[in-house]
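Notes for the one structure printed next.
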Amino acid sequence: MAEALHLGITGMSCANCAASVEKALKRVPGARDVSVNFALSTAQLSLDPPANAAEAVDAVIKAGYGVATRTLALDIGGMSCANCAAMVEKALKRAPGVADARVNFALATAEVDLADADADPQPLLAAVKAAGYSASLPVQSASAAEERAAETARHETAAGRMLLFSAVLSLPFLIAMVAMLAGYPNLLPPVAQLVLATPVLLVAGWRFHTGAIKALAHGSANMDVLVSLGTSVAYLFSIWLMLDAHEGMALHLYFEAAALIVTLVLFGKWLEDRAKKGATAAIRALMALRPEDALIERDGATVRVGISEVAIGDVAVVKPGERIPVDGVLASGATEADESLITGESLPVEKAEGDSVVAGSINGSGLIRVRATRIGADTTLSKIVALVAAAQGGKAPIQRLVDKVASVFVPVVVGVALVTFGVWLALGAPLDAAVTAAVSVLVIACPCALGLATPAALVAGTGAAAKAGILIRDIETLERAHDVDTVVFDKTGTLTEGRPKVTAVFAPGDEAELVRLAAAAQQGSEHPLAKAILAHAEGVALPPVSEFRAVGGAGLTARVEGRRIVLGTAQLLRGADIDTAPAAEIIRKWQGEGMSVALVAADGALVGAFGMSDTARPEAKAAIAALKARHLTPWMISGDSAEATARVAADLGIADAIGGAKPEDKSRKVAELRAQGRVVAVVGDGVNDAPALAGADVGIAIGSGTDVAMETAGITLMRPDPRLVAATFNIANATRRTIRQNLYWAFGYNVVGIPVAALGYLHPSLAAAAMAFSSVSVVGNALRLKGWRPPQTSPSTPTAARAAS
């Protein structure tokens, strides 16, 4: 049946572009009825099997254009190893409208890029089900999350009981094996062994048999196939030996191998599930912060409504000890907020009227009213959850190689087991020795460790980072962070407090009029220097401003009471043919003292200047020292004057500093550094920093900054503590190192273990124990990252806590 596809095309600038896209799509085998609409930027076509959406998307991209996609997350059930994840991924990629799909075995999730804007998720769920697994849309509310958690707890309880059942029945085999090693005869008669092993294999081990049947029915092979095949061969071979035995013949049976394999693999899975749960604790803790409802003021009364019913502008009443339901500003009241799980800040942060608060933080001792500014998916908490989930669901480049190995791993292992069996027989070995070696090969092979090596470390590492207030957008950013050798800082708001104060005024005429005009013109600006002038003019009645235009990195122009105001750097005023000579001496004096200078002109004539001082953050010097200790080179590039920039840089120990830089100058310098072979990270907080953040190898946005900076950066620091920059590189390196340790272990274990088993040096029971240990050790190694903590970065005083907010 043909697949109807509706694509959103990006990058078309004319009708010729549309023709090029149409031509490219028509060349896709199986494509027909192709129509590209330039005005709507869309393409419609039909695809005959086996063509799919991914081929159409690839054709558009190769033609030099893009396809708008939306990403859908799914929860996947029933996966037991990396092969299962590969099968689910393959099934999703073949589903209608899918451009790409990524399955994370450790998280039991999938991310699907839908090329078709009208695509329905139901065919995706059906595709996963047809592959032998289950899929569902992720939970969106706290109550649904609690229900899912309860279901998981029931599953864990059932798994624990089944493990206990299997262990109790397998214990006599273990005792008998230990007795035989001590020189005693086998204490268990053959019938007793059969009675004990049968329920273990057919009840406790039933999950492996059903999993194997499902996998084989869908043309794949997973870990269940290896366990089911190995235990069944040992069990059936033992029954055959019993039936073929003669009276008085000494029997060496393998029921204990079948029972102990099932028990040990169940034990390994139980430990693995608990370890994976620990690794994902950070994201679950964040999701648990999402409030279910809010107390809202409406029509003169307060009513409790579902969180989805809250609108921007609504006022929420938050009682002491309650979670703040929305991002907003305090309309009234004063309190302290516990933001520890969101920003990593361990001390409560004081909040007063007009201060911003974030959803999910806990209100302290005050009764407060919060006016909503962001709701639903736009809240800081929702963005954090989405960002962490996306990072944890990503794949390292090396993981793609691992996936390819895992996809053929089980068939290769079965082939090795058959060859082992044949070689042993050909060399004249007894049948039972050949069976033992083949079963050991089947059981020791561990595709799970391969599948868990990268995602387990990634989940634990990004989770620990998020808990400390460091949000890493994706695995590619984490990989690049390891190679950074140069860190470029913005000055204002990044290494300084970002709250400058007017400390000097130059007014040849009426100072009050100068302050009034300058403050009025700044009403449309969010720049820290603008806020300083507005704060200096507090209490002054300001006229309205019109024709406001910000000039990036230089200042602004505006009209106030009909007068044209130019406010900013000397270069900006000179560019507007305004004489700045009357202020030249005062400019040199102020800049020599490290002040930032803003000149003001009205109707083409200089009317005055403001000198503003901004203090370095108390943590900035330690932050620079920490980077130098890691052999990273710090730079400072600022839009402030060269003199003010140089003074702050010298105080902090930064040798390379550039002042008077416009946004394009910052980007150009970053490009120059990269051209020299350096791997550059840029740290900033403002709109002016966004181009440099985007052009860097790694962009790091300070969380107190603008949305533009945070959207552009690959890493976001949730509180404005520059010491977190070095901490970011620490956790990135630790996570990368753990991924490589896990991969070396997973590959090395199989490379060594399978030949040892094939040579007959491992009893099947020991092979099963080794297999269980392999997966648990990989996840256990990843769990070490949960204990990672950044250097002490919490303010030690209430004043500092307030500043960090």
Quiz item: Using Cα atoms only, what is the angle between the long axis of helix 223-244 and the major principal axis of the chain, expressed in degrees (0 to 90) to the nearest 10?
Solution: 10 degrees
Practice problem: Check the straight Cα-Cα distances from Lys26 and name the lysines below 17 Å, setting aside those fewer than 8 residues away within the same chain. | Solution: Lys62
Quiz item: Ignoring ligands, DNA and RNA, how do Thr615, Thr633 rank by accessible area with a 1.4 Å probe, largest first?
Solution: Thr615, Thr633
Quiz item: Which residues in the stretch 755-782 place their backbone N less than 15 Å from a point set 7 Å from the Cα of Asp244 along the Cα-to-Cβ direction?
Solution: none
Quiz item: Separation between the Trp745 and Ser35 pseudo-spin-labels, each 7 Å from Cα along Cα→Cβ, expressed in nm?
Solution: 5.8 nm
Practice problem: Using a 1.4 angstrom probe, figure out how much accessible area the chain has per residue, in square angstrom, rounded to the nearest whole. | Solution: 43 Å²
Quiz item: What size of dipole, in debye to the nearest 20, comes out for the chain about its Cα centre when the only charges are +1 on Lys and Arg C-beta atoms and -1 on Asp and Glu C-beta atoms?
Solution: 1360 debye
Exercise. May I ask you to compute the full-extension gain from Ala4 to Asp651, defined as 0.36 nm times their residue separation minus their alpha-carbon distance, rounded to one decimal in nm?
Key: 226.5 nm
Quiz item: Once you put a point 7 Å from the Cα of Ala507 and another 7 Å from the Cα of Arg784, both along the Cβ direction, what distance in nm separates them?
Solution: 6.5 nm
Quiz item: Among residues other than Thr569 whose Cβ falls under 10 Å from its Cβ, what is the net charge (Lys/Arg +1, Asp/Glu -1)?
Solution: +1
Exercise. Can you give me the P(r) profile for the stretch 196-236? Cα pairs, bins 10 angstrom wide beginning at 0, each as a whole percent.
Key: 33, 53, 13, 0
Quiz item: Residue farthest toward the positive end of the dipole of the chain, with Cβ of Lys/Arg at +1 and Asp/Glu at -1: which of Leu266, Ser46, Ser308?
Solution: Leu266
Quiz item: So what's Rg/Rh here for the stretch 3-53, counting alpha carbon atoms and using the Kirkwood radius for Rh?
Solution: 0.96
Self-check item: Shape box of the stretch 732-790 [Cα atoms, principal axes, largest first, Å]
Solution: 48, 18, 9
Quiz item: Using the reciprocal of the averaged 1/r over all distinct C-alpha pairs, how large is the Kirkwood radius of the stretch 415-561 in Å?
Solution: 22.7 Å
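Sort the following peptides by mean Cβ neighbour count (other Cβ atoms within 10 Å, averaged over residues), highest first: 39-47, 637-645. Write out the running numbers ahead of the final one.
On the way: 39-47: 17.3, 637-645: 24.0.
With the highest mean Cβ count within 10 Å placed first, the list reads 637-645, 39-47.
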Quiz item: Using modelled amide H (1.01 Å from N, peptide plane; none on Pro or chain starts), what sits under 5 Å from the amide H of Ile9, excluding residues fewer than 5 places away?
Solution: Thr42, Ala43, Ala68
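When the accessible area of the chain is split by element with a 1.4 Å probe, what percent falls to carbon and sulfur?
C and S atoms contribute 59 percent here.
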Quiz prompt | Reachable aspartates and glutamates from Lys319, criterion Cα separation under 18 angstrom, eight or more residues apart if same chain | solution = Glu292, Asp293, Glu297, Asp327, Glu336, Asp338, Glu339, Glu350, Glu353, Asp355
Exercise. Consider just the alpha-carbon atoms of the stretch 23-126 and return their Rg together with their Dmax, both in angstrom.
Key: 14.7, 48
Quiz prompt | Where only C-alpha atoms are counted, convex hull volume of the stretch 400-461 per residue in Å³ | solution = 73 Å³
Quiz prompt | Contour minus Cα-Cα distance for Ala642 and Leu295 (0.36 nm per residue) | solution = 119.8 nm
Self-check item: Calculated FRET efficiency for the pair Ala386/Lys26, C-beta based, R₀ 60 Å, to 0.05
Solution: 0.95
Practice problem: Pairs to check: Lys501/Lys621; Lys467/Lys662; Lys23/Lys129. Give those whose C-alpha atoms are more than 32 Å from each other in this structure. | Solution: Lys467/Lys662; Lys23/Lys129
Self-check item: Projected label distance in nm at Arg563 and Ala671, using a 7 Å step from Cα toward the beta-carbon
Solution: 4.0 nm
Practice problem: Determine the gain in length on full extension of the stretch Leu194-Asp75; use 0.36 nm per residue of separation and subtract their C-alpha separation, reporting nm with one decimal. | Solution: 38.9 nm
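Need one number: the % of Cα-Cα pairs in the stretch 156-250 sitting beyond the 16 Å mark.
Details: 2911 of 4465 pairs.
For the stretch 156-250, the share of Cα pairs beyond 16 Å comes to 65 percent.
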Quiz item: Per residue, what volume in Å³ does the convex hull of the Cα atoms of the stretch 67-125 enclose?
Solution: 67 Å³
Quiz prompt | Convex hull volume of the chain per residue (C-alpha atoms, cubic angstrom) | solution = 212 Å³
Quiz item: For the charge dipole of the stretch 497-556, defined by +1 on Lys and Arg C-beta atoms and -1 on Asp and Glu C-beta atoms about the Cα centroid, which residue among Ala518, Val540, Ala554 has the Cα displaced farthest towards the positive pole?
Solution: Ala554
Self-check item: Most to least packed among 262-269, 550-557, 500-507 [average Cβ atoms within 10 Å]
Solution: 262-269, 550-557, 500-507
Quiz prompt | Where the Cα pairs of the stretch 203-268 fall when distances are cut into 10 Å bins, in % | solution = 21, 42, 25, 10, 1
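Given a Förster radius of 25 Å and the C-beta distance between Arg499 and Asp603 as r, what FRET efficiency does 1/(1 + (r/R0)^6) yield to the nearest 0.05? Before the final figure, lay out the partial values.
Working: r = 31 Å, r/R0 = 1.26.
Using R0 = 25 Å, I get an efficiency of 0.20.
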Quiz item: For Ala153 and Leu202, FRET efficiency with R0 = 41 Å and r from the beta-carbon atoms, rounded to 0.05?
Solution: 0.95
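The values are calculated or read from the model by the stated rules, or taken from the named source; none is laboratory data. Keep in mind that this is a model prediction, so the values were computed, not measured. A quick note on method: Cβ atoms are made from the backbone with ideal geometry, for glycine too, and the neighbour counts reach across all protein chains shown. When the accessible area is computed, the model is the full protein with side chains, heavy atoms only, and any ligands, DNA or RNA have been set aside. Shrake-Rupley method; radii C 1.70, N 1.55, O 1.52, S 1.80 Å.
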